[in-house]
Amino acid sequence: MQAGGKTRVVILCGGQGTRLREHTEYVPKPLVQIGDQPILWHIMKHFQKHAFTSFVLCLGYKGDKIKSYILDYGAMSRDFTVSLGRPESAVFHSPIAEEDLEVTLAETGSDAMTGSRVKRVARYLSDGPFMVTYGDGVSDVDVTALLAFHRSHGKLATVTAVMPESRFGVIETDEGGRAVRFREKPQTDGLVNAGFFVFEPAVLDYLSVDPSCILEREPLERLARDGQLMVFRHDGFFHTLDTYRDYLALNALWAEGRAPWRSW
């Protein structure tokens, strides 16, 4: 058993995904597929590689569809024989490797913001540190090393940060307008929040069940002011599923066998 153990992983699955309306009009963003599985499955598989097997999903927009996906996963991923009209007679013909995962599905409100959603699942969290991540981002971040880093510094919170990449090529010119350097999609200055948080239970005291509580605003800002927020830098792959362009890019990586987050 690696570092994960029973450390619970909270996945924020309640947003409306308005910038990906081509898909999210019909399903919540965590169920938008990369390859033949939803991005939620990719995220959980990454954590499973590091022996994190206990998840709490914060549901909101179209949460019933995520419930159906989890409840039907065994049937949808295996061959089975059933007598029509008697679903209890189903006989499954092969095991599934993912059946050791424990998933709690918690309704956290259709309009709640991120901080409120985490606060509302407090009853499902244990006494030790827990992790929080978004249901729309894939990465090859070493979450075992992330948890070890968090435990080493003794503060209440750790956030994973990455150096963002510009979406555009950068042209540097001299005073006469001559191009002296061209860089295609260079990394920009400054680290940005990539999610993959580790929190001590006391972080919950910084949050509120009020629907307007945004984790990334006052709670994290106050943790920083209190000297309780540490940064774990990740220099590898990180990509969110925000737009249709992102959907095409992630699916292309998967189809071409170049998905850096793949570990199975």
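Where a number appears in this text, it was derived from the coordinates with a stated rule and is not lab data. Computed from a predicted structure; not experimentally measured. Counting neighbours? That spans all protein chains shown, and the Cβs are built from the backbone with ideal geometry, glycine included.
Relative contact order of the chain, taken over Cα pairs closer than 8 Å and 6 or more residues apart, is 24 percent.
Looking at Leu204, Ile34, Leu253, which one has the Cα that reaches farthest to the positive end of the dipole of the chain (charges on Cβ: Lys, Arg +1; Asp, Glu -1)? It is Leu204. The peptide list 148-160, 132-144, 20-32, 66-78, put in order of mean Cβ contacts within 10 Å with the highest first, becomes 132-144, 20-32, 148-160, 66-78. For the listed residue pairs Lys119/Lys155; Lys45/Lys119; Lys6/Lys65; Lys49/Lys119, the alpha carbons are over 21 angstrom apart in Lys45/Lys119; Lys6/Lys65; Lys49/Lys119. The peptide list 212-220, 84-92, put in order of mean Cβ contacts within 10 Å with the highest first, becomes 212-220, 84-92.
Compactness check for the range 10-56: Cα Rg over 2.2 N^0.38 Å is 1.23.
In this rough spin-label picture, where each label sits 7 Å from Cα along the Cβ direction, the Glu88-Glu221 distance is 5.6 nm.
The chymotrypsin sites (Phe, Trp or Tyr not before Pro) of the range 194-256 that meet both conditions, a loop assignment by DSSP and at most 15 other Cβ atoms within 10 Å of the site Cβ, are Phe237. Binning the alpha carbon pair distances of the chain at 10 angstrom intervals from zero yields the distribution 6, 27, 34, 21, 8, 3, 1, 0, expressed in whole percent.
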